[in-house]
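Below: one structure, written as structure tokens.
The values are calculated or read from the model by the stated rules, or taken from the named source; none is laboratory data. Only a predicted model underlies this, so the values are computations on that prediction, with no experimental measurement involved. So basically every Cβ, Gly included, is an ideal-geometry build from the backbone, and we count neighbours across all protein chains shown.
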Amino acid sequence: MFIKILDHVPPMTIETIREEINRVDAHIIRLIAQRQALAGKIARVKIHNGMPIHDNQRTTEVLEDVFNQAVESKIDPVAVQKIFDILIAMSEDRQRECSGEGNLP
């Protein structure tokens with residue numbers, strides 16, 4: 001019966017699906033920008049407290065957490081970890097820039 005209901009739903013066009021992907025991509029970019037802004041705030045706290053930019057324990061925690069979230073979401077956890085490796089590197093670059101050590105715009 002459920003399948004018969006779906007038979008009456010018009011299929012989405014590839015253009016419509018791509019538009020939705022574009023909206024998701026734009027949202028991801030906004031979230032990355034928000035994450036980068038938070039990295040700047042973290043830098044100020046680290047500088048004030050004399051803490052190093054790189055924190056092995058925090059990196060491990062983040063990568064383990066996103067791995068588990070990816071598994072729960074049924075997406076490739078290794079690929080998600082690679083994405084977060086990049087996000088963490090971006091965050092550390094932003095923190096270095098805020099501390100006067102980096103060269104970001």
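Just one residue in the set V71, V80 is assigned to a helix (DSSP H, G or I) and closer than 19 Å to I32 by Cβ; that residue is V80. If you go through the range 26-60 and pick out every residue that is surrounded by 11 or more Cβ atoms within 10 Å (Cβ to Cβ), out of contact with any Pro (no Cβ under 8 Å at 6 or more places or on another chain) and not hydrophobic (A, V, I, L, M, F, W, C), you end up with 9.
Taken over the range 46-62, the criterion of being in contact (Cβ under 8 Å) with a residue 24 or more places away in the chain and part of a helix (DSSP H, G or I) is satisfied by K46, I47, T59, V62.
The residue that is surrounded by the fewest Cβ atoms within 10 Å (Cβ to Cβ), among those in the range 61-80 that are among the polar types (S, T, N, Q) and over 13 Å from the mean Cα position of the chain (by Cα), is S73. Looking across the range 84-102 at every residue that is at pLDDT 95 or above and exposed (fewer than 13 other Cβ atoms within 10 Å of the Cβ), the one that is nearest to L38 (Cα to Cα) is identified as A89.
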